[in-house]
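Structure, as structure tokens:
Values in this text are rule-based calculations from the coordinates and carry no lab data. Note that this is a predicted model, so its numbers are computed, not measured. Using ideal geometry, Cβ is built from the backbone for each residue, glycine included, and neighbour counts are taken over all protein chains shown.
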Amino acid sequence: MGSDTCSGNCPGCENTGGVQHDEGRRRMLSWLLGGGALASMGSFFYPVVRFLNPPRISEVAVNEVSGGKVGDLKANSGKIVKFGNKPALLVRLSDTEWRAFSAVCTHLNCTVQYRDTTQQIWCACHNGTYDLNGRVVSGPPPNPLEEYAVGVHGDEVIISRNA
């Protein structure tokens, strides 16, 4: 039998007709597998890159917030109020005297709280204390708390940044 009579369509044929068809199939399969591998790697690395490079969110520029109603806070007590994207501490010392500070400790950015028993501002992270002027009394805080201005308008308490 001579190779002149073969059409190349026989099963197991090694004539050039079958080899060209197999090369095209291999090339297509390589493209599909390579594309699938790239898509898989992309679906893994995209969230990782997005996590490592978070979107830029500008700080909310707030100069004044409501601390609530005058009757909401009794004398010698304090409460945390949202001041932009940071907390503020509003303290009512007496019926007419109010103080407000940043509620972020200057040591490790923990949230401070008012202790009515000692009449001091206390940070629970490392037992730091501040007086009612925001100055450091004891503990590791290196700087005083930022003080805010407090005004009473009608029956509403307004906290604002000092000018």
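May I ask you to order 84-92, 40-48 by the average number of other C-beta atoms within 10 Å around their residues, highest value first?
Top of the packing list down: 84-92, 40-48.
Distance from the Cα centre of the range 65-80 to that of the range 110-163, in angstrom?
14
Let me check the size of the range 64-161 from its C-alpha atoms; what are the radius of gyration and Dmax in Å?
Rg, Dmax (Cα atoms, Å): 12.6, 39.
If you plug each phi of the range 77-91 into the Karplus form 6.51 cos²θ - 1.76 cosθ + 1.60 with θ = phi - 60°, what whole-Hz ³J(HN,Hα) values come out, in order, with x for Gly and Pro?
8, x, 8, 8, 10, 6, 10, x, 9, 10, x, 10, 10, 9, 10
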